[in-house]
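The values are calculated or read from the model by the stated rules, or taken from the named source; none is laboratory data. Here the structure is a predicted model, which means the values were calculated and not measured. Cβ coordinates were reconstructed from backbone atoms using ideal geometry, including for glycine residues, and neighbour counts include every protein chain displayed. Heavy atoms of the whole protein, side chains included, go into the accessibility calculation; ligands, DNA and RNA do not. Shrake-Rupley method; radii C 1.70, N 1.55, O 1.52, S 1.80 Å.
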Amino acid sequence: MSNIQQFSGYQPTWCPGCGNFARSQALKQALIELGFTPSSIIAVFGIGCAGNENDFLNAYAIHSLHGRAIPNAIGAKLANHKMEVIVITGDGDCYGEGGNHFLHACRGNHDITVIVSDNGVYGLTTGQTAPTSQKGFKTKSTPDGAIEVPINPLTLAISQGATFVGQGFVIELAHLKEIIKAGIKHKGFSLINVLQPCVTFNKINTYNYYRQHTYKLSQDYDKKDINKAFKIAQEMTLKDKFPLGIIYEVNQPTFIDRLPQLKNKTLIGRERFLDFKTILEDFK
Ligand code: SF4
């Protein structure tokens with residue numbers, strides 16, 4: 001029986017030093033410690049460097065279209081809500097192309113875990129400005145510097161109804177692993193934004209930059225306090241300070257909890273409805 005730690009036969013193609021190596025390790029360790037096997041999770045990957053892990057993680061997997069990882073994950077969860085569904089995506093895929101899906105997944109409190117490799121740049125397409133790039137960031141797509149302010153994924157998620165919002169930094173591997181475990185265990189929509197340098201195309205948000213601009217939340221931090229969560233999350237935008245830990249967590253009914261049709265049985269495993277004749281009779 002294979003386990004999650006084994007590679008699928010392919011080796012990672014990430015650049016040496018890429019933050020994806022540590023993010024991937026934290027996820028695998030979290031899955032192993034939580035007792036998951038490859039056949040007990042569905043991993044849905046976005047497009048981008050993070051999404052390439054589709055080739056390296058041993059699990060049921062979907063490599064979705066650009067920006068469409070979240071709706072694929074929601075579909076999988078609706079089909080079989082007994083399975084754990086995890087999205088592995090990047091900041092461009094999730095907050096850019098998939099931004100609309102992200103908002104609606106938060107407000108539906110869909111019971112999926114979304115892990116975003118946030119490196120502030122489109123790495124796979126060789127370095128264009130992304131939704132979390134800093135204002136003024138110069139790339140081939142913004143040679144005079146990015147005009148827009150960066151998206152703040154934490155405030156966005158909290159304001160739209162996400163019930164678990166965490167942030168980790170890949171250098172803090174054990175800490176990141178615990179946040180991922182907590183996010184997976186949480187019932188409801190979980191966002192885990194992972195700060196991880198793209199060593200090839202982002203020369204601003206480096207390992208040293210995050211060492212200097214991150215801090216861990218204190219033990220007595222009240223993660224249920226939404227006002228406090230907003231204030232802490234806003235520091236990223238206002239003060240260039242990045243909190244690490246579980247920023248916000250509350251218990252609310254999930255999307256499926258509100259569907260009595262799915263209370264006792266998953267959608268898969270039911271007899272497929274193929275006889276449309278009786279329905280058509282009603283329209284005659
Ligand atoms: Fe990692 Fe950047 Fe290389 Fe992509 S381009 S593999 S994000 S270092």
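Some observations on this one:
- For residue 88: the one exception among (1) of a type in the set (A, V, I, L, M); (2) under 26 Å from residue 203 (Cβ atoms); (3) assigned to a helix (DSSP H, G or I): (3)
- Among the conditions (1) within 16 Å of the ligand (Cβ to nearest atom); (2) out of contact with any Pro (no Cβ under 6 Å at 6 or more places or on another chain); (3) within 19 Å of residue 180 (Cα to Cα), the only one that residue 33 does not satisfy is (1).
- Scan of region 8-22 for residues that are open to solvent by 60 Å² or more (accessible area, probe 1.4 Å) and among the polar types (S, T, N, Q), ordered by number: 11, 13
- Cβ-Cβ under 7 Å pairs, at least 6 apart or on other chains, region 1-24 side charged (D, E, K, R) and modelled with pLDDT of 60 or more, far side surrounded by 12 or more Cβ atoms within 10 Å (Cβ to Cβ) and in a loop (DSSP other than H, G, I, E, B): 23/170; 23/196
- Residue that is least open to solvent (accessible area, probe 1.4 Å), among those in region 50-77 that are free of Cβ contacts under 8 Å to residues at least 40 places away in the same chain and among the polar types (S, T, N, Q): 64
- Against the test of being open to solvent by less than 70 Å² (accessible area, probe 1.4 Å) and among the basic types (Lys, Arg), the options 216, 181 yield a single qualifying residue, 181.
- Set side by side, the residues 194, 165, 199 differ, and just one is within 16 Å of the ligand (Cβ to nearest atom), crowded, with 24+ Cβ neighbours inside 10 Å and β-branched (Val, Ile, Thr), which is 194.
- For first residues located in region 122-148 and open to solvent by 70 Å² or more (accessible area, probe 1.4 Å), partners that are away from the ligand (no atom under 13 Å from the Cβ) and lie 6+ apart or on another chain with Cβ distances below 6 Å form the pairs 135/146; 135/149; 138/145.
- Taken across region 248-264, residues that are within 23 Å of residue 194 (Cβ to Cβ) and out of contact with any Asp or Glu (no Cβ under 9 Å at 6 or more places or on another chain) do occur, with at least one present.
- All of (1) outside any helix (DSSP H, G or I); (2) of a type in the set (Ser, Thr, Tyr); (3) within 22 Å of residue 171 (Cβ to Cβ) hold for residue 10 with one exception: (3).
- Being within 21 Å of residue 255 (Cβ to Cβ) and either at pLDDT below 95 or part of a helix (DSSP H, G or I) (or both) is a description that applies to residue 70.
- Region 23-49: number of residues that are within 14 Å of residue 86 (Cβ to Cβ), touching a strand residue (DSSP E or B) at 6+ places or on another chain (Cβ under 8 Å), of a type in the set (A, V, I, L, M, F, W, C) and open to solvent by 10 Å² or more (accessible area, probe 1.4 Å): 2
- Scanning region 94-121 for residues that are within 15 Å of the ligand (Cβ to nearest atom) and not in a helix (DSSP H, G or I) returns 115, 116, 117, 118, 119, 120, 121.
- Residues that are touching a helix residue (DSSP H, G or I) at 6+ places or on another chain (Cβ under 7 Å) and assigned to a helix (DSSP H, G or I) within region 52-67 comprise just one, 53.
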